[in-house]
Amino acid sequence: RHSNRHKHNHHYKKRYTISETFGSRSSTILYNHPPIQKVVVVGGTHGNEYTGVWCIKALERQLQQESSLLSTSYPNLQIETLLANPKAHYENKRFIDVDLNRQFRTEELISFQNGEDEEETEFAKEERLRAQEINELLGPKFHEEQYPQTCVIVDLHTTTSNMGICLIVPEGDVLMIKAAAYVSYKCGYHHDDDEVRILVHSILDRDQRPNLSSIARHGFTVEVGPVPQGVLRHDAVEKTEKALHFFLEYLDLLNKDKAGVINKLKEWYSGGKVPVYRSAKASAPGEMSGKIQWPSDPENPNFPQVLVHKSIQDRDFHKIKKGDPLFIDLNGKVIPYSGSHGEEVYLMFVNEGGYYYSSSGTGISVSILRKVRLDDGMVEE
Amino acid sequence: NTDGQTHLNRVEMNTRQLLVGLTILPFLSDMASANVPVGPPPECPALHKVIVVGGTHGNEYTGVWCIKALARRSDELAESFPSLNIETLLSHPEAHMANKRFIDADLNREFTEEKLVGAKDRHPTVESLRAQELNKLLGPKLGSKHPQTDVIVDLHTTTSNMGTCLIVPEGDVPMVRAAAYVAHKCGGEKGEARILVHSMPRNQRPDVKSIARHGLTIEVGPVPQGVLRHDAVEKTEKALHFFLEYLDLLNKDKAGVINKLKEWYSGGKVPVYRSAKASAPGEMSGKIQWPSDPENPNFPQVLVHKSIQDRDFHKIKKGDPLFIDLNGKAIPYSGSHGEEVYLMFVNEGGYYYSSSGTGISVSILRKVRLDDGMVEE
């Protein structure tokens, strides 16, 4: 462990100060790039989201069989799998110490590597150690001259919320925006086959993104729900595999017939604009998005002091307005939406089990419905 | 009153038969029927001390919420149910704070006579120690002294689509009747309220509620583990309310409530699901097991097939799809528990653990008699 931490010590200390705005420069480097080849499919970033683990096991099996459909379906791609948080997975826990999917901000990766964390000397948090390992395995996330080894990470997640298939991509990442648009269409967005939506997080500076998939040049999350934690649902596995299949198909087509697939997107989305949900801005660094928080039980920080009101339960992507019931407390008193994130907002991750933990960001997610432009991956106001 | 006296006589008769039977039982173990109820003689049939238990499985948050809410309403409860002395208890605080079903082993399997008595000869687990504590607090379950607690009602949730399920031991007359009362008040089958009966002698029952003289479990689903659902809390509170109402009425106007039951259930028989016989001692009920991943015993090697997912209390027959494996191959029901059975606890998260008994639960639909709490074949 010590040797890893000090290996690149002097090199990084010399080159990177916190104040360097690496973000915008990295965008130019990363988005004018050679064809996509190395794709890593990740499961078990949250140890109790079993579906992703099942899917990568099934994928591994197919990759090992030369005659399998998979080995011939995406000839231009080099596909690998990774079990992100094995320790948490074997314990059937979301995480051991802290949410692994919040540990990848560049600043934090560097400071841990440089041994700059005062609180963590002997007993570093499990996930921070694992983040370093993953950075080495799949990255490095940050380097002036070198791309991360991995072109694309697709991270498989599930939620206890009723969110159907949700494709989560960063605003500004043109490749991923287009991929999401492709997958969404193929999954039946246009004829309501499956509930499929695109969610855009607006953290334009890649270095500020705390999630695992931000290690690669491009990151894509497939989020399927509702699925209980620590449980495998056949239908959720099918939805995940369907989205994954179309995602890999898109990347493969890009290598074979880029013009063709771009034309398809133009056909499908008039004006080159795609409806997306854009999450509320994160309130603090290291968060993915803003939330309507709920108070926690003083005796147990992971136990809420209120229930999510039944009128919004299972109603992800429904609009809620100021004054509508939001929570109900132990005395049976209803707590209404204050309008804190806007007069009218769309709720998502409604009663997500992972968001009972402050490490993941407590509360209900909030978003607004917008359009994203296919040409530059930016959300229109 | 005469009806109460008749009831008492009948119970005394049964008890005498029981005591006779008990002396013969060890010699007739082959013929010993799981139908013989074993329990303390009902010298004081009135039921007053009720403990509402939550968090027996630490990540079943609903029960914990309900007991917190209940603790705030003690004045209201005393007014509504004056003959009852109602308390609450957080069953497994350590597992609850960790948001885990259990730490070492399922607490709700620790109360067999064998485990309670044999604890000192075994390596202690978190749960075996807690079981001793609970036995002291609420019991003792076994021995010549009566348990301090008349009734335990244990609040559970399941990830399976089981609606409201009232789980009672066969032969426990007050509890079978209570379940019948609650099920009717909650709307019966139409209201997704059902009764599930386990058939084993009291000393073999492994669950927390078997500590008291009588026990009833309220099981509500589907609810994910580690999550609170408002609708599940409401269903639990509704069933609990009617249960307490029944116990209070029993003390106030027994004849009246017995008559109500006769009105509601023609012939004095109530439709119930009877779980398949447990295949091993210390299990609650028989299950169709699934193979586990060799590298991770808590991870299944198969998926529950989507055609049975969420279809608890639907019939399945030999040959119907049951599971699907990593290669996408469907595995059919072999008929192991009968040509046609009812599935329940379909894809229950707790049953990914061998400590709880891995697999899907199986039951058959029968009728239970209100007069003696026994299931008709």
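Report those helices (runs of 4 or more DSSP H) wholly inside region B:93-176 carrying at least 3 residues which are at pLDDT below 95.
Details: elements: B:93-97, B:113-118, B:126-138.
Counting at least 3 such residues, we get B:113-118.
When residues in region A:76-100 are screened for being within 11 Å of chain B (Cβ to nearest Cβ) and within 19 Å of the chain's Cα centre (by Cα), 5 of them pass. In region A:270-297, the qualifying residues are those that are open to solvent by less than 40 Å² (accessible area, probe 1.4 Å) and on the phi > 0 side of the Ramachandran plot, and the one that is nearest to the other protein chains (Cβ to nearest Cβ) is A:GLY286. In this structure, is A:ASN263 within 14 Å of chain B (Cβ to nearest Cβ) and either surrounded by 14 or more Cβ atoms within 10 Å (Cβ to Cβ) or outside any loop (DSSP other than H, G, I, E, B) (or both)? In short, no.
In region B:298-354, counting only strands (runs of 3 or more DSSP E) that sit wholly within it, the ones holding 1 or more residues that are open to solvent by 30 Å² or more (accessible area, probe 1.4 Å) span B:315-317, B:321-325, B:330-332, B:340-344.
Is it the case that region A:159-177 has a residue that's out of contact with any strand residue (DSSP E or B) (no Cβ under 7 Å at 6 or more places or on another chain) and either among the aromatic types (Phe, Trp, Tyr) or away from chain B (no Cβ under 14 Å) (or both)? Yes: region A:159-177 contains one or more residues that are out of contact with any strand residue (DSSP E or B) (no Cβ under 7 Å at 6 or more places or on another chain) and either among the aromatic types (Phe, Trp, Tyr) or away from chain B (no Cβ under 14 Å) (or both).
When A:HIS318 is tested against (1) in contact with a strand residue (DSSP E or B) (Cβ under 8 Å, 6 or more places away or on another chain); (2) within 12 Å of another protein chain (Cβ to nearest Cβ), just one condition goes unmet, and that condition is (2). Checked against the criterion of being under 15 Å from the mean Cα position of the chain (by Cα), buried (at least 23 other Cβ atoms within 10 Å of the Cβ), away from chain A (no Cβ under 14 Å) and closer than 24 Å to B:PRO140 by Cβ, region B:247-256 has no qualifying residue.
Name the single residue, out of those in region A:203-246 being assigned to a loop (DSSP other than H, G, I, E, B) and of a type in the set (A, V, I, L, M), that is farthest from the other protein chains (Cβ to nearest Cβ). Spell out the reasoning first.
First, the residues of region A:203-246 that are assigned to a loop (DSSP other than H, G, I, E, B): A:203-205, A:209-211, A:216-217, A:226-233.
Cutting the leftovers down to of a type in the set (A, V, I, L, M) gives us A:203-204, A:216, A:227, A:231-232.
On the way: A:ILE203: 27, A:LEU204: 33, A:ALA216: 26, A:VAL227: 8, A:VAL231: 5, A:LEU232: 5 Å.
The extreme case among them is A:LEU204.
One residue stands out in region A:197-223 among those that are at pLDDT 95 or above and aliphatic (A, V, I, L, M): the one that is farthest from A:ALA243 (Cα to Cα), namely A:ILE215.
For the structure I just gave you, tell me whether B:VAL346 is in contact (Cβ under 8 Å) with a residue 60 or more places away in the chain and over 27 Å from B:TYR61 (Cα atoms).
Details: in contact (Cβ under 8 Å) with a residue 60 or more places away in the chain: yes; over 27 Å from B:TYR61 (Cα atoms): no.
So B:VAL346 does not fit the description; no.
Close Cβ contacts (under 7 Å, 6 or more residues apart or on different chains) running from residues in region B:91-106 that are at positive phi to residues that are assigned to a loop (DSSP other than H, G, I, E, B) comprise B:ASN99/B:GLY58; B:ASN99/B:ASN59; B:ASN99/B:GLY226. Which count do you get for residues in region B:104-137 that are closer than 30 Å to A:PRO228 by Cβ and open to solvent by less than 50 Å² (accessible area, probe 1.4 Å)? Of the residues in that region, 15 qualify.
Here B:GLU76 passes the criteria (1) touching a residue at least 24 places away in the same chain (Cβ under 8 Å); (2) open to solvent by 50 Å² or more (accessible area, probe 1.4 Å) except the one numbered (1). Taking each residue of region B:297-310 that is among the acidic types (Asp, Glu) and looking for partners that are at pLDDT 95 or above with beta-carbon atoms closer than 6 Å, six or more apart or interchain, yields B:ASP310/B:ASN161. Looking only at region B:185-194, decide whether some residue is within 18 Å of B:SER361 (Cβ to Cβ), in a loop (DSSP other than H, G, I, E, B), open to solvent by 10 Å² or more (accessible area, probe 1.4 Å) and touching a residue at least 12 places away in the same chain (Cβ under 8 Å). Within region B:185-194 (the criterion being within 18 Å of B:SER361 (Cβ to Cβ), in a loop (DSSP other than H, G, I, E, B), open to solvent by 10 Å² or more (accessible area, probe 1.4 Å) and touching a residue at least 12 places away in the same chain (Cβ under 8 Å)), the answer is yes, since at least one residue qualifies.
The values are calculated or read from the model by the stated rules, or taken from the named source; none is laboratory data. The model shown is predicted, which means the values in this text are computed figures rather than measured ones. Virtual Cβ from ideal backbone geometry, glycine too; neighbours counted across all protein chains shown. These accessible areas exclude ligands, DNA and RNA; they are computed on the full protein's heavy atoms, side chains included. Shrake-Rupley method; radii C 1.70, N 1.55, O 1.52, S 1.80 Å.
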